[in-house]
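Q: I'd like to ask some things about the structure below.
The values are calculated or read from the model by the stated rules, or taken from the named source; none is laboratory data. These numbers were taken from a predicted model, which means no experiment stands behind them. All Cβ positions, even for glycine, are placed from backbone atoms using ideal geometry, and neighbour counts span all protein chains on display.
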Amino acid sequence: MSVQTGSNNAPERYYNYAYLDEQTKRMIRRAILKALAIPGYQVPFGSREMPVPYGWGTGGIQLTAAIVGPDDVYKCIDQGADDTTNAVSIRQFFAKVADVETTEDTSEATIIQSRHRVPEKPLKAGQVMVLQVPQPEPLRFLEPRETETRAMHAYEEYGLQYVALYERVARVGRINAGAGHPVMVEERYLMSPSPIPAFDNPKLGFSEAIYLLGAGREKRIYAVPPYTRVRSLDFEDHPFAVQTWDENCALCGADDAYLDEVVLDDQGAKMYVCSDSHHCAERREAGHVGPMAGHQLAQAEKEPAQ
Amino acid sequence: MNALSSRIESTPLLKVDGLTKWYGHILGCRDVSFDMRAGEVLGIVGESGSGKTTLLNCVSGKLPPSAGSIQFETSRFGMSDIYAMSEPDRRRMQREDWGFVHQNPRDGLRMRVSGGANVAEPMMSLGGRHYGKMRQATIDWLERVEFDTGRIDDRPANFSGGMQQRIQVARNLIHGPKLVFMDEPTGGLDVSVQARLLDLLRELVRDLRLAVMIVTHDMAVARLMADRLMVMKSGQVVETGLTDQVLDDPQHPYTQILVSSVLQI
């Protein structure tokens, strides 16, 4: 089988441009429009079988497939990195089926697909952030019945979500927001922001860019349109706070970025590096240096990702 | 009798009229009517399958009846038919004004969160957003139900049956309900724990001036808790009256059998 490229794009190919057929894409677009019209509301959609297993980003891939066009520039990250297996294969997938230009540069991209992170560089108008969601229902852990959680969303009965926060404060003494910390969108719908770290929650509110969230297995699409109020849940006496680190990035010295801990040996040596690999590389190019600049980890990132 | 009448208010809190429930062609309960006033404890006794639980579920808003009406003196809307209210209003009224103590604590508790969070949940459902205040209220209530506050953050699965039931009682009383439904609250417990829990319930009900509708097949529970009794048989109420009157001088043949078959030691 020969790989099709932009040059031999016969018009008939556009029937299933970007892998999905036209009717499916139209169905997904309708769901996206509804999701944008009702910020935070989970819109059911007819999720399709995709050529990757559930849990690998089927919701995000379908969203991207429905909105991508040949003029788009596509970036895909897993955790914060552009060069992990999942990110590379999804990026290659769209390069192949949608003839789309790919990039690692956040500012160049028009569509950014991710599961765990929102890039460090602030998103601009015209960009779409696509998030892959494993469990769209924030109340599911406490209320297993779908009929009940739907009624709770409809009637704005969100007291139950605070039970989860109460539990965290009782156990660790603070809100301890890790990943997927629930948010209120426009003070109406309770929303799970995918498993992005709480560090990225504030980026959802009053953003210039569009956030689309898709859960393939759970068959739900929801969205945060630009300039929408998004509030992370907290208690009056235990306000929401994002993670902070005592260390700076070992490679680029960033003190305001989300850091990953990297274990270096079995003697307890470790380093903290930016989880957003492109942000880190860009800073290093601009001349920023961290305490372990020149470490082999920085070299590894220079290798081509595809 | 004087003590009783001073504790119970004169205007009804709950009015049930002609309540009938059919499950297809099978009868759940038929033509049940009664009133309840604030501070009154109504006991429903009868054998298994006599329609006690059907009646309780209908009255507590869980099971729409086939015929008849249930009116309740709600905090928001005054006296209103609970099944004529909109669903969000009814759910809100249930959260604010009612409590429901299940026989099996697993039905009434969230097993995946700690006992303390279970007790605090009603406060959060009613808009409580201050952790410290809710924590203190939880501890106060756990002390009130004689629960070891050192175990506040353990999961309900790690508690004994009696402890689980205490958690459930605290959870259903912390928000100050007007009416509490109890379905065999001491059902699965051994007799010594049962006696202590009954004692506690009786004290709380008297202190809080709660109206309680309690379903039981245990005559001792009925005698200790209830002001008034309704005896049910085959879906129908066969006898009603003051507890002592019904138990000491039963009129209906079924009630006579029921009372005389209580085991004596």
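Q: Can you tell me which residues in region A:141-163 are within 13 Å of another protein chain (Cβ to nearest Cβ), part of a helix (DSSP H, G or I) and either farther than 22 Å from A:Lys203 by Cβ or in contact with a Gly (Cβ under 8 Å, 6 or more places away or on another chain) (or both)?
A: Pass one, region A:141-163, residues within 13 Å of another protein chain (Cβ to nearest Cβ): A:141-145, A:147-148, A:150-163.
Imposing the further condition that a residue be part of a helix (DSSP H, G or I) reduces the set to A:147-148, A:150-154, A:159-163.
Within region A:141-163, A:Thr147, A:Glu148, A:Arg150, A:Ala151, A:Met152, A:His153, A:Ala154, A:Gly159, A:Leu160, A:Tyr162, A:Val163 meet the criteria.
Q: Which residue, of B:Gly116, B:Gly132, B:Gly127, is under 21 Å from A:Ala164 (Cβ atoms), part of a loop (DSSP other than H, G, I, E, B) and either within 13 Å of chain A (Cβ to nearest Cβ) or not small (Gly, Ala, Ser) (or both)? Please lay out each step first, then the result.
A: On the way: B:Gly116 fails: part of a loop (DSSP other than H, G, I, E, B); B:Gly132 fails: part of a loop (DSSP other than H, G, I, E, B).
Residue meeting the stated conditions: B:Gly127.
Q: For the subset of region A:108-135 comprising residues that are surrounded by fewer than 21 Cβ atoms within 10 Å (Cβ to Cβ) and within 16 Å of the chain's Cα centre (by Cα), which member is modelled with the lowest pLDDT? Don't jump to the end; show me each part of the working.
A: So in region A:108-135, the residues surrounded by fewer than 21 Cβ atoms within 10 Å (Cβ to Cβ) come out as A:108, A:110, A:116, A:121-122, A:124-126, A:134-135.
Among the residues that remain, those that are also within 16 Å of the chain's Cα centre (by Cα) are: A:110, A:116, A:121-122, A:124, A:134-135.
Numbers: A:Thr110: 97, A:His116: 90, A:Lys121: 94, A:Pro122: 95, A:Lys124: 95, A:Pro134: 93, A:Gln135: 94.
Step by step, filter region A:108-135, then rank; the result is A:His116.
Q: Continuing with the same structure: Scan B:Phe181, B:Phe159 and give me the residue that is at pLDDT 95 or above and away from chain A (no Cβ under 14 Å).
A: B:Phe181
Q: Given the options B:Asp140, B:Asp154, name the one that is touching a residue at least 24 places away in the same chain (Cβ under 8 Å), of a type outside the set (Val, Ile, Thr) and either within 29 Å of A:Pro239 (Cα to Cα) or not in a loop (DSSP other than H, G, I, E, B) (or both).
A: On the way: B:Asp140 fails: touching a residue at least 24 places away in the same chain (Cβ under 8 Å).
Unique residue meeting the criteria: B:Asp154.
Q: When you go through A:Glu104, A:Glu108 one by one, which is the residue that is in contact with a strand residue (DSSP E or B) (Cβ under 6 Å, 6 or more places away or on another chain) and either free of Cβ contacts under 8 Å to residues at least 60 places away in the same chain or acidic (Asp, Glu) (or both)?
A: Values: A:Glu104 fails: in contact with a strand residue (DSSP E or B) (Cβ under 6 Å, 6 or more places away or on another chain).
Just one listed residue meets the conditions, A:Glu108.
The rows are residues; the columns are (1) under 14 Å from B:Val101 (Cβ atoms); (2) of a type in the set (Phe, Trp, Tyr).
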site: B:Glu146; (1), (2): no, no
site: B:Phe159; (1), (2): no, yes
site: B:Arg171; (1), (2): yes, no
site: B:Gly176; (1), (2): no, no
site: B:Leu210; (1), (2): yes, no
site: B:Val215; (1), (2): yes, no
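Q: Next question. Among the residues of region B:91-111, which ones are more than 21 Å from B:Ile214 (Cα to Cα) and more than 7 Å from chain A (Cβ to nearest Cβ)?
A: Listed by number, the residues that qualify are B:Arg92, B:Met111.
Q: Taking the conditions exactly as written (of a type in the set (Asp, Glu), more than 16 Å from the chain's Cα centre (by Cα), more than 27 Å from B:Val169 (Cα to Cα) and surrounded by fewer than 16 Cβ atoms within 10 Å (Cβ to Cβ)), does B:Asp17 satisfy them or not?
A: Details: of a type in the set (Asp, Glu): yes; more than 16 Å from the chain's Cα centre (by Cα): yes; more than 27 Å from B:Val169 (Cα to Cα): yes; surrounded by fewer than 16 Cβ atoms within 10 Å (Cβ to Cβ): yes.
So B:Asp17 fits the description; yes.
Q: Quick check: is even one residue across region A:114-127 out of contact with any Asp or Glu (no Cβ under 9 Å at 6 or more places or on another chain) and either touching a residue at least 24 places away in the same chain (Cβ under 8 Å) or on the phi > 0 side of the Ramachandran plot (or both)?
A: Initial filter on region A:114-127 (out of contact with any Asp or Glu (no Cβ under 9 Å at 6 or more places or on another chain)): none.
No, region A:114-127 contains no residue that is out of contact with any Asp or Glu (no Cβ under 9 Å at 6 or more places or on another chain) and either touching a residue at least 24 places away in the same chain (Cβ under 8 Å) or on the phi > 0 side of the Ramachandran plot (or both).
Q: Consider only pairs whose beta carbons are under 8 Å apart and that are at least six residues apart or on different chains; among these, list those whose first residue lies in region B:72-99 and is within 14 Å of B:Lys178 (Cβ to Cβ) and whose second residue is surrounded by fewer than 17 Cβ atoms within 10 Å (Cβ to Cβ) and acidic (Asp, Glu).
A: Hits for this filter: B:Arg76/B:Asp89; B:Phe77/B:Asp89.
Q: Which residues, counting only those in region B:50-81, are hydrophobic (A, V, I, L, M, F, W, C) and under 20 Å from B:Val237 (Cβ atoms)?
A: The first filter runs over region B:50-81 and keeps only residues hydrophobic (A, V, I, L, M, F, W, C), leaving B:55-56, B:58-59, B:63, B:67, B:70, B:72, B:77, B:79.
B:Leu55, B:Leu56, B:Cys58, B:Val59, B:Leu63, B:Ala67, B:Ile70, B:Phe72, listed by residue number.
Q: Looking for something within 14 Å of another protein chain (Cβ to nearest Cβ), over 18 Å from the mean Cα position of the chain (by Cα) and either basic (Lys, Arg) or assigned to a helix (DSSP H, G or I) (or both) - is there at least one such residue anywhere in region B:60-75?
A: no
Q: I'd like the full set of residues that are out of contact with any Lys or Arg (no Cβ under 8 Å at 6 or more places or on another chain) and crowded, with 19+ Cβ neighbours inside 10 Å, limited to region B:143-155. Explain how you work it out, then say what you get.
A: Taking region B:143-155 and keeping what is out of contact with any Lys or Arg (no Cβ under 8 Å at 6 or more places or on another chain), we get B:143-144, B:148-152, B:154.
Within region B:143-155, just B:Ile152 meets the criteria.
Q: Also, quick follow-up: The conditions are (1) in contact with a helix residue (DSSP H, G or I) (Cβ under 6 Å, 6 or more places away or on another chain); (2) within 10 Å of chain A (Cβ to nearest Cβ); (3) surrounded by fewer than 20 Cβ atoms within 10 Å (Cβ to Cβ), and B:Glu87 fails exactly one of them. Which is it?
A: (1)
Q: Within region A:164-180, restricting attention to residues that are surrounded by fewer than 19 Cβ atoms within 10 Å (Cβ to Cβ) and within 7 Å of chain B (Cβ to nearest Cβ), which residue is farthest from B:Ala137 (Cα to Cα)?
A: By that ranking, first place goes to A:Arg171.
Q: Taking the condition of being assigned to a strand (DSSP E or B) and either under 17 Å from the mean Cα position of the chain (by Cα) or buried (at least 16 other Cβ atoms within 10 Å of the Cβ) (or both), how many residues in region A:257-276 meet it? Walk me through how you get there before you give the answer.
A: Within region A:257-276, the first condition is being assigned to a strand (DSSP E or B), and the residues that meet it are A:259-263, A:270-274.
Add one more test, that the residue is either under 17 Å from the mean Cα position of the chain (by Cα) or buried (at least 16 other Cβ atoms within 10 Å of the Cβ) (or both), and what stays is A:259-260, A:271-274.
Going through region A:257-276 one residue at a time, the tally reaches 6.
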